[in-house]
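Encoded as structure tokens, the structure appears first; notes follow it.
The values are calculated or read from the model by the stated rules, or taken from the named source; none is laboratory data. Here the structure is a predicted model, which is why all the values come from computation and not from measurement. Positions of Cβ are backbone-derived with ideal geometry, glycine not excepted, and every protein chain shown enters the neighbour counts.
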Amino acid sequence: MSGKLTRSLLGKLNPGVFGAVAQAMREQAQKIEPEQSRFSHRLRFPGGGGEWTGSASDALQSRADWFRKTYAEDHTRLLDAARDCDQAKDYLFEGKRAAQSQIEKTEAEHRGYGVDGKYWDCGQPFTVADDFTVQVKPGALPSGAPVGLYNLLLIEAGTEEEGVKRAVAQLEDLGNTWGAKVQQAIDVSHMALDSHGQPFPASPHAHDMAKGIADGTIPLPKDPKAMEELWDRLLPEEKDKIFGRYPHVCDMDGIPAADKDHYNRVTLDNEVADKQHALQRVQDEHKDWSAERAPDRLTVGEMRAWEAWSARVKAAQQSLQQDVDFRNTLAPRRDGAGNVMPGGERYLLMHDGKGHASVATGNPDTAKNTTVYVPGTQAHLNDFGGGMGRCEDMQDSAVFAGSPREKTSVINWYGYDAPDWVAENNPSSSEAAQAAAPALDSFLDGLRATHEGDPSHTTVVAHSYGTDVVGQAATHGNTLNADEVIYAGSPGSDVAHVTDMSLTGVSREQVAAHIFAAADISDPVPRTAGVPVIHGPFGVPIPVPPGGIPRPVRGACARTRAHGPRLRPPAKPDH
């Protein structure tokens, strides 16, 4: 087994994968067998035509004996390799069962002890940690129990830990032994496994592409599905080499969230370090000057030089601080005790150095419910922390509605140049939305491509001008790869009718049932479309149904508080 086995990895271990590999190898062998029998005939009657005779044909038939032998050897090796994979599956299933059984016994067994002439009921006092250490649960010691009882529990925990780790060690030994055999089988059969444990024929083309991309002779694939298929087949060292040439490669769509986060954090740290050095270089040009206060008794020329230098220092400081502040938003969510919350891990999905970024709370590749938040006007990196706060609120709201926290991911997508309230970049124009639409569509396609298992239920929550972005991404020949859309505080969208919007897998007749619009009564922005409270994304009133605004059952449904900075979850009822 590669890496150190932990309890969480033990739960995910699926020896059945080796059965799938074995089946793929047997199918490969079945393809070889008829090829072996027909090979000589095909040489003698090329293209199904007349018989080829003569000295050249005879010489080729002689060479064909070697090829027939190779076919036979490959056929035998494939069947042998399939047998090894089947045996690996059976042994590892049994090893996993034994380890899990030992853990369950340790945690489930009811225990009581006699100390100082009195019986003490300790219930189920032990828990097995992720590193397989056995620990005494807080509160396992009965009230008034003597210190000797706690010492006895510690001794018992040590004994149980030996049993657990012995079972785990046996599983690791099986993994190492059979892992080597399976690797040999894969090498012999020319089969490989993708990152989801599924077999596919090994693709030398993928490795050739990786080499070409790393040396700059082959461009990176732009289609998210093509990127996912390539990335899934690469070795870690190949990914490292591509990253070495393209530090922002993991900004591209179609790469798993874990890899994106790993490489993008390295790039961000490097860029912060570069900006620190750049600031220091500017400051070192005039070590006796302060950017905050001009020195005394400067000439006119010196004052102009100081002003220019001070402006450069402040610009470098601002640029550095923006990256530092952004990096601080990557800290995971923690509970009151300081522990990382389930689904609280942050994944840096994109930070292109051009003012665009995307961060997920919770892993979107393993989530059951995923929400993508598309912000509106003035959504720039200096407001990114505010966007993360909104995403936390939406995650809490989804959990409140019944979504498992560890299976809920909310993504803060600042992936476009949001307009400001200025004449040259005004939100009354759809130009910024039209420019943003391809990026949003590609991002959603990438989420679908890298998701593990059954598709996540994906909801796009658009706020303010972000509703125009979503409208553009779902019309004009574009399809939004999402299950639901929620418009919050929309000023209107450049779409004629709701049925003009296209969602993946949703018919034109049903699309209206997947799109919701809401606004706060104190929000002035939706009134720009002439609708005071509830409005369609196109400035067309939507009648409020009995019972209020419709909400999707899955995903995160947010409520706006005016056209302000936060999207808040509903208050939890007292009962």
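Scanning the stretch 247-274 for residues that are in contact with an Asp or Glu (Cβ under 8 Å, 6 or more places away or on another chain), surrounded by fewer than 20 Cβ atoms within 10 Å (Cβ to Cβ) and part of a loop (DSSP other than H, G, I, E, B) returns a single hit, His248.
Scanning the stretch 344-362 for residues that are more than 26 Å from Ala401 (Cα to Cα) and outside any strand (DSSP E or B) returns Asp352, Gly353, Lys354, Gly355, His356. Provide a single number: the residues in the stretch 275-317 that are among the basic types (Lys, Arg), more than 30 Å from Gly353 (Cα to Cα) and in a helix (DSSP H, G or I). Qualifying residue count for the region: 1. Can you tell me how many residues within the stretch 338-359 are out of contact with any Lys or Arg (no Cβ under 7 Å at 6 or more places or on another chain) and touching a residue at least 12 places away in the same chain (Cβ under 8 Å)? Total meeting the criteria: 10. Across the stretch 295-306, not a single residue is classified as β-branched (Val, Ile, Thr), crowded, with 16+ Cβ neighbours inside 10 Å, over 22 Å from the mean Cα position of the chain (by Cα) and not assigned by TED's automatic domain parsing to the domain that holds Arg390. Of the residues making up the stretch 112-148, just one is under 28 Å from Arg7 (Cα atoms), over 38 Å from the mean Cα position of the chain (by Cα) and touching a residue at least 24 places away in the same chain (Cβ under 8 Å), namely Cys122.
With respect to Asp325, is the statement that it is charged (D, E, K, R), surrounded by fewer than 14 Cβ atoms within 10 Å (Cβ to Cβ) and closer than 18 Å to Phe384 by Cβ true? Yes: the conditions hold for Asp325. Taking the numbered list (1) at positive phi; (2) at pLDDT 85 or above; (3) of a type in the set (D, E, K, R) in turn, Asp116 passes all entries but (2). Tell me the strands (runs of 3 or more DSSP E) entirely within the stretch 100-146 that contain at least 1 residues that are more than 24 Å from Leu9 (Cβ to Cβ) and small (Gly, Ala, Ser). Answer list for the stretch 100-146: 111-115, 118-123.
Of all residues in the stretch 207-239, those being surrounded by 18 or more Cβ atoms within 10 Å (Cβ to Cβ) and out of contact with any Pro (no Cβ under 9 Å at 6 or more places or on another chain) number 7.
In the stretch 221-242, the residues that are over 16 Å from Ala257 (Cβ atoms) reach residues that are of a type in the set (Asp, Glu) and surrounded by fewer than 17 Cβ atoms within 10 Å (Cβ to Cβ) with C-beta atoms within less than 9 angstrom, at least six apart or across chains, in these pairs: Glu229/Asp194; Arg233/Asp194; Lys241/Asp215.
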